[in-house]
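Take a look at this one; I'll ask things after.
The values are calculated or read from the model by the stated rules, or taken from the named source; none is laboratory data. What you are looking at is a predicted structure, and each value in this text was computed from that prediction instead of being measured. FYI the Cβ positions are ideal-geometry reconstructions off the backbone, even for glycines, and counts take in every protein chain you see. To get the accessible areas, we keep the full protein, side chains included, count just its heavy atoms, and leave off ligands, DNA and RNA. Shrake-Rupley method; radii C 1.70, N 1.55, O 1.52, S 1.80 Å.
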Amino acid sequence: MSDYQIKSLANYKSTYQKSVAEPEAFWAAIAEDNFVWHKKWDKVLEWDFAKPEVKWFEGAQLNITENCIDRHLEKRGDKTAILFEPNNPNEAALHISYKELSNRVNRFANVLKSNGVGKGDRVCIYLPMIPELAVSVLACARIGAIHSVVFAGFSSTALATRINDSDCKMVITSDGSFRGDKTIDLKGIVDEALLECAVVETVLVAKRIDSNIQLKSGRDKWLQPELDAASPICAQEIMDAEDPLFILYTSGSTGMPKGMVHTTAGYMVYSAYTFKNVFQYEADDVYWCTADIGWITGHSYIVYGPLANGATTVMFEGTPSYPDCGRFWAIVEKHKVNQFYTAPTAIRALAKESLDNVKGYDLSSLKILGTVGEPINEEAWHWYNDHIGKKNCPIVDTWWQTETGGILISPIPNVTETKPTYATLPLPGIQPALFDKDGLELEGNKQEGSLCIKYPWPSIARTIWGNHDRYRETYFSAFPGNYFTGDGALRDENGLYRITGRVDDVIIVSGHNLGTAPIEDAIDEHPLVAESAIVGFPHDIKGSALYGYVTLKGEGLSKNEEDLKKEINQLIADLIGPIAKLDKIQFTNGLPKTRSGKIMRRILRKIACGEVDNLGDISTLLNPEVVASIKANVL
Ligand code: WTA
């Protein structure tokens, strides 16, 4: 492998220049020098944001698992690839070497095949953070099946929607999962979901909690006996560069989640390149990203990016507060973690606890700290810097999205500067731009507007599964010729970017994207609810929390409000998942609407945020009178 690591500011500047001046030559050189190809591409890039269409490395052939596993076997076969830290600290950690990973992935791939899964088939993975999750993802990639990982905190309804949207023929799950000292019946959730999913033929069940579950004959199988019987050798499927690698669902502004489709070669090149540079990974480092593989962060920066670089990547099953709030730091000390990557919500939650949770631990192995998922506030940034990094570790505030596949804006540690609350500078190949409301680009520094990207990078999602029109509409219509991120940003006097938050109907709660529409749909299912509107309001730990305005039908008015609130939150937990529960519910006798009947969330948001004196002109509303009563009863 030639070295694609950026090591100095001058190096960053010249690399960035080249990446913008000659993007194709830039990415071709990185792809050629650092990965194994079975056939080279015919064309580096073909694109048209108007269609929209993006293709990288067309004509090339490869398999991403050869790049993530096989090619490391000779040089570092005994090196730990995945370091599994269980939920319970008394259970031994598991060091899975590259050789062992190869063995596990190949066996699993053979099990997929013997159960009728082949290239292009969709496989839904609904597992806790246990090794089988990473292994099953890679096993799909080995045989060219398209994985669709669904976060194991989603409800059966949410799971069923995702299985049906992409017609998954198999589901991989476990008998249950641990959450602190409790267990969760994952298989029960799958069984319930599958009542709605006729397409699923097989369910493979990993054993994790030794519960007494029922297997449905003809459909469900224990995973382990299948693995035991399978060969540890499985030829890789040779994939085209643009063959889909995975689907990952993210929330949107309608009730239907968007199945973002990522393809093989571009995703591999970009996730590997950015992993190396943003975390400045060196050969013997132990790297830990605390995300769940159910989110894009886990796909790109627990599995594919680190493994493509031959790294040791920690996979943690548990939570930051079990058995106590020192767990993260205990793990850093235990495994001598060098790079630590987490979410601002976790930092805020831990910063609220006593510093005694940090003090006892030796954190001197840490070199680089990272955050992702939402804007990090200044206070949390300083706590992280002072108490975890001991002012010695650069903090990389990495901005990106499920749709972008990899980090687009971030400091490069020890190379470019950091600035609290700023994601700072674009990585090579990324051309950000800010636009005003009228669609005009805001040139120069000291500007604030809607954040777009002007030019394709290798890991941009290629479409929304089964709905290319929605892909065009969502990302390429607001600012024609550009990819629109849905985020607002400002560029300071030195050209550094600060992400200011979503400008659309997505609210980020504890780092999880939640669309307002699916939550409102869930509430409206309640027989006594007439209509509802959801907005975000600032929350100390979650960043944003959800505020629901709910109008009841006539019969609902005589019911006990506290009971109704519980029922509404239970409905949301059942239909979406507990992460989408509302912190506050205000019953209203109407919602402010435009004359065309659109709910004015902007006004409701201001009221929920306490900005009641600054609502702007409400006289054009269809029903301005409801605003006064909503203001009077705000929670
Ligand atoms: C937000 C997560 C500020 C942003 C990788 C984005 C951030 C959405 C940051 C994508 C950051 C992510 N600073 N905001 N460093 N990182 N976001 O798809 O609003 O789960 O659009 O991908 O999270 O969330 P997603």
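Roughly what would the spin-label model give for A25 and D3, points 7 Å off Cα along C-beta, in nm?
2.3 nm
Could you state the number of Å between the C-alpha centres of region 515-583 and region 83-114?
So the two Cα centres are separated by 40 Å.
Still on this model: Under DSSP H, which helices of the chain have Cα atoms covering 15 Å or more of the helix axis and a Kyte-Doolittle average no less than 0.0?
Qualifying helices, which must be both long enough and hydrophobic enough, are 131-143, 264-279.
Nearest 20 debye, what's the magnitude of the dipole of the chain about its Cα centre given +1 on Lys and Arg Cβ and -1 on Asp and Glu Cβ?
400 debye
Which value in nm describes the separation of the simple spin-label points at H468 and N11, placed 7 Å from the Cα toward the beta carbon?
Result: 4.1 nm between the two label points.
Still on this model: Figure the gain on full extension for L621 and N414 (residue separation times 0.36 nm, minus the Cα-Cα span) and round it to one decimal in nm.
Separation in residues times 0.36 nm, less the Cα-Cα distance, equals 69.2 nm.
Only loop residues by DSSP count here, and only those with at most 15 other Cβ atoms within 10 Å; note down the GluC sites (Glu not before Pro) in region 551-635 that meet that.
For GluC sites (Glu not before Pro) across region 551-635 that sit outside H, G, I, E and B with at most 15 neighbouring Cβ atoms in 10 Å, the list reads E611.
Right, next: Farthest toward the dipole's positive end in region 506-632, which of H539, L564, I618, given Cβ charges of +1 (Lys, Arg) and -1 (Asp, Glu) about the Cα centre?
Selected residue: I618.
Let me ask something else. Is there a pair in K419/K454; K542/K631; K55/K454; K565/K593; K258/K565; K559/K598 whose C-alpha atoms are over 19 Å apart, and which pairs would that be?
Those over the limit are K419/K454; K542/K631; K565/K593; K258/K565; K559/K598.
Turning to a different aspect of this structure: Taking N as the number of residues in region 506-632, what is its alpha-carbon radius of gyration divided by 2.2 N^0.38 Å?
Here the Cα radius of gyration is 1.02 times the empirical estimate.
Given a cut-off of 50 Å, what percent of all Cα-Cα pairs of the chain lie beyond it?
When all Cα pairs of the chain are counted, 8 percent exceed 50 Å.
Another question about this same structure. For region 97-248, what are the per-bin percents of Cα-Cα distances with bins 10 Å wide, up to the bin holding the maximum?
All Cα pairs, binned at 10 Å, distribute as 12, 44, 36, 9, 0 percent.
With the contact rule set at Cα under 8 Å and sequence spacing of 6 or more, what percent relative contact order holds for region 496-575?
This gives 26 percent for region 496-575.
Could you let me know the centre-to-centre spacing of region 295-311 and region 34-63, using Cα atoms, in angstrom?
Between the Cα centres of region 295-311 and region 34-63 lies a distance of 21 Å.
Also, quick follow-up: Pulled fully out, how much extra length does the chain show between T183 and Y322, if you take 0.36 nm times their separation in residues and subtract their Cα-Cα distance?
48.7 nm
Here is a follow-up. Could you list, in their original order, any pairs among K13/K352; K119/K182; K113/K581; K182/K359; K79/K187 whose Cα atoms are separated by more than 30 Å?
Beyond 30 Å between Cα atoms: K13/K352; K119/K182; K113/K581; K79/K187.
Between the alpha-carbon centers of region 216-263 and region 337-407, tell me the distance in whole angstrom.
The two parts, judged by their Cα centres, are 31 Å apart.
Further, regarding this structure: Within region 166-252, list the GluC sites (Glu not before Pro) lying in a DSSP loop whose Cβ has at most 15 other Cβ atoms in a 10 Å radius.
E196, E201
May I pose another question? Students often get this wrong: which residues of region 564-597 have the backbone nitrogen under 19 Å from the point 7 angstrom along Cα-to-C-beta of A530?
Answer for region 564-597: 564-565, 568, 585-597.
Could you work out the local net charge near D492, counting Lys and Arg as +1, Asp and Glu as -1, over the other residues with Cβ closer than 9 Å to its Cβ?
Cβ neighbours under 9 Å give a net charge of +3.
Run the simple label-point estimate for N164 and D78 please: 7 Å along Cα→C-beta, distance reported in nm.
Spacing of the two 7 Å Cα→Cβ label points: 5.3 nm.
For each cysteine in the chain, check whether another cysteine's C-beta sits under 4.7 Å from its C-beta; list those where none does.
C68, C140, C197, C234, C289, C325, C393, C452, C609
Moving on. Given 0.36 nm per residue, what is the gain on full extension from E611 to E567 after removing their alpha carbon distance, in nm?
Length gained, E611 through E567: 12.9 nm.
Give the long-range amide H neighbours of M239: residues separated by 5 or more places, or on another chain, with amide H under 5 Å away, using H modelled in the peptide plane at 1.01 Å from N.
The answer is L62, N63.
Using a 1.4 Å probe and counting only protein heavy atoms, arrange D167, D175, D386 so the residue with the most accessible area comes first.
D167, D386, D175
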